[in-house]
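Notes follow the structure.
Since every read-out is calculated from the coordinates, none of them should be taken as a lab result. Every value quoted in this text rests on a predicted model; they were computed, and no experiment measured them. All Cβ positions, glycine included, derive from the backbone under ideal geometry; neighbour counts span all protein chains shown.
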Amino acid sequence: MCTACSCSTTDTTSAPAGTGASAVYTVTGMTCGHCVSSVSAQVGRIPGVTGVAVDLPTGAVTVSGAGFSDEQVRAAVERAGYALADAAPASA
């Protein structure tokens, strides 16, 4: 169950990542499927992003597409209410 918002969701992943280049980021603070949905929605709105996959247990967020920057991903994650654990993406 979600401890942040008590939404009782248990979903651990978002939609599969799309095509193109990908980068993997680590996001902190996610606790439930609602968190996954929020991060996925915000990151998915970035121009050039074709897919977002979130692994809740590890906090790994795989972003696929082209033409997006690390700063855009950071800003989207922060708009969703979370933070990137690393300054740069982990290797994909």
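Could you calculate the contour length gain from ALA85 to THR50, that is, 0.36 nm times the residue separation minus the distance between their Cα atoms, to one decimal place in nm?
So the extension gain works out to 10.3 nm.
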Label-point separation, ALA41 to THR58 (7 Å along Cα→Cβ), nm: 2.6 nm
